[in-house]
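As C-alpha cells, the structure follows; a few thoughts come after it.
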C-alpha cells in the first residue's frame with residue numbers, strides 16, 4: 001500500500017510554482033544520457049531507453065564525451081533513423097558539462113538524466129513523472145540498486161554496496177526506502193526548477209549531483225525517493241577499479257564540502273575519520289611507542305567491524321563471496337578516506353595559490369559518477 005506523504009515537510013510545491021499557474025497533467029519529457037566509450041553496452045542501453053512506456057517523450061539526448069570506441073558513430077547512425085534521438089558532442093568530456101549542454105537545449109516540461117551504466121525498467125520515466133505529480137517535489141529519483149555479477153570479487157563488491165558498513169547507509173541505497181531525501185539518483189526534475197537552479201557545477205567532479213540537489217533544496221523544493229522507479233546500476237568489478245572510483249569520489253566530496261554548503265553530510269566523512277584514526281596513532285608510534293597500543297586497538301576495532309559485516313552478509317547471502325567482503329569494504333573505506341583527505345589538502349593548496357591549483361586528469365573525469 002502506498003504511504004501517505006503526510007504533512008511532516010515544509011517544502012514548496014513545484015506544481016504550485018509552475019509557470020502560468022497550472023502544471024500539465026501529462027507533462028512532456030526530455031531524456032538526457034551522458035555517454036563515453038559505451039560500445040560494449042550501447043545496444044542494451046538504447047533498448048532500455050526505447051522501451052520506455054511513457055508516450056510524452058519529446059526528445060532523447062545522447063551527450064557523448066568524445067568517445068574513441070565507435071560510440072559516437074553508432075549514436076549518429078541511430079539519430080538518422082530515429083527522429084526522437086539527438087546526439088550532442090561534449091568536447092569538455094566531464095559528465096556535468098554534458099548534462100548542462102543538454103539541459104540548455106531541452107524543451108520538455110520535465111527533464112530526466114539516465115546513467116549509461118544502468119538498466120531501466122520500461123516504466124522508469126512514467127513512474128518518475130507520476131512521483132513528480134503526486135508529491136509536488138522539485139525532483140524525484142530511484143533507489144540505487146546494484147546489479148548482480150558472476151565473479152566472486154564482483155559479488156563481494158555488490159555486497160559492500162549493500163552493507164550498512166559500506167555505502168548502504170545512504171537512504172537512496174536502501175531497498176524499499178521511500179520519502180524525502182537529500183539527493184537522488186537518475187534525477188527527474190521539472191524543467192522550470194532546473195532553470196531556476198542553474199547549471200551543474202563543472203568544477204565539482206563526482207560531486208556535481210550533490211551540489212545540484214543541494215541548490216534545489218536551498219530554493220525550498222524537496223527531493224523525493226520512490227521505490228517504484230526501478231533501475232539497476234553496475235558497480236565496479238575489480239578492487240583496483242573500485243579503489244580508483246572511490247578515491248575520486250572522496251576528492252569530489254572534499255571539493256563540495258569546501259565550496260557548496262549542504263551538498264554533503266556527515267556520513268560522507270566517516271571514511272576520512274577511519275583513515276585518521278588508523279594513520280595518526282601509527283605515525284605517532286614512530287616517536288612515541290605508547291601510541292602503538294592505540295594503533296593496535298584501532299586496528300582490532302576495525303577488524304571487528306569487518307567481521308560483523310561478514311556475519312550480517314552471510315545471514316542474507318550465504319555464499320563464498322562474503323569471505324572477500326572485508327577486502328571490498330576496506331578498499332572502499334580507505335580509498336574514499338584517502339581521497340577525501342587529498343581533496344582537502346588540494347583545496348587548501350589551491351586557495352593559497354590561486355590560478356595554480358592541481359587538476360584531475362581529463363580521462364577519469366569522463367567516467368560515470370555515482371550518487
Practice prompt. Tell me, please, whether a residue that is within 17 Å of residue 14 (Cβ to Cβ), assigned to a helix (DSSP H, G or I) and in contact with a strand residue (DSSP E or B) (Cβ under 7 Å, 6 or more places away or on another chain) can be found in the range 79-86.
Written response: no
Conditions (1) in a loop (DSSP other than H, G, I, E, B); (2) in contact (Cβ under 8 Å) with a residue 40 or more places away in the chain; (3) crowded, with 19+ Cβ neighbours inside 10 Å -> residue 59 fails only (1)
Practice task
Could you check, for the range 155-164, whether at least one of its residues is surrounded by fewer than 18 Cβ atoms within 10 Å (Cβ to Cβ), out of contact with any strand residue (DSSP E or B) (no Cβ under 6 Å at 6 or more places or on another chain) and at pLDDT below 90?
Solution key: yes
Review point. Does at least one position in the range 94-105 carry a residue that is part of a loop (DSSP other than H, G, I, E, B), modelled with pLDDT of 95 or more and closer than 23 Å to residue 205 by Cα?
Key: yes
- Message: Just to be sure before I move on: is residue 27 assigned to a loop (DSSP other than H, G, I, E, B), modelled with pLDDT of 95 or more and either assigned by TED's automatic domain parsing to the domain that holds residue 177 or surrounded by 15 or more Cβ atoms within 10 Å (Cβ to Cβ) (or both) in the structure I sent?
- Response: yes
Expected output for the range 12-30 (first residue closer than 14 Å to residue 107 by Cα, partner modelled with pLDDT of 95 or more and surrounded by fewer than 16 Cβ atoms within 10 Å (Cβ to Cβ), Cβ below 7 Å, 6+ apart or cross-chain) is 27/56; 28/56; 28/58; 29/56; 29/58; 30/58; 30/107
Scanning the range 138-155 for residues that are assigned to a loop (DSSP other than H, G, I, E, B) and touching a helix residue (DSSP H, G or I) at 6+ places or on another chain (Cβ under 9 Å) gives 138, 143, 144, 147, 148, 149, 151
Subset of the range 169-186, residues under 13 Å from the mean Cα position of the chain (by Cα) and assigned to a loop (DSSP other than H, G, I, E, B), comes to 170, 182, 183, 184
**Request:** With the condition kept exactly as written, say whether any residue in the range 203-212 is touching a residue at least 40 places away in the same chain (Cβ under 8 Å), surrounded by fewer than 17 Cβ atoms within 10 Å (Cβ to Cβ) and either in the same structural domain as residue 120 (by TED's automatic domain parsing) or within 17 Å of residue 118 (Cα to Cα) (or both).
**Result:** yes
Expected single match for modelled with pLDDT of 95 or more, assigned to a helix (DSSP H, G or I) and assigned by TED's automatic domain parsing to the domain that holds residue 350 among 313, 282, 257, 303 is 303
Considering residues that are outside any loop (DSSP other than H, G, I, E, B) and surrounded by 21 or more Cβ atoms within 10 Å (Cβ to Cβ), the number found within the range 106-119 is 5
When every residue in the range 321-346 that is farther than 25 Å from residue 264 by Cα and touching a helix residue (DSSP H, G or I) at 6+ places or on another chain (Cβ under 6 Å) is compared, the one surrounded by the most Cβ atoms within 10 Å (Cβ to Cβ) is 325
Just one listed residue, out of 189, 224, is outside any loop (DSSP other than H, G, I, E, B), within 28 Å of residue 48 (Cα to Cα), touching a residue at least 24 places away in the same chain (Cβ under 8 Å) and in contact with a helix residue (DSSP H, G or I) (Cβ under 7 Å, 6 or more places away or on another chain), and it is 224
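The values are calculated or read from the model by the stated rules, or taken from the named source; none is laboratory data. Model, not experiment: these values are computed from the prediction. FYI the Cβ positions are ideal-geometry reconstructions off the backbone, even for glycines, and counts take in every protein chain you see.
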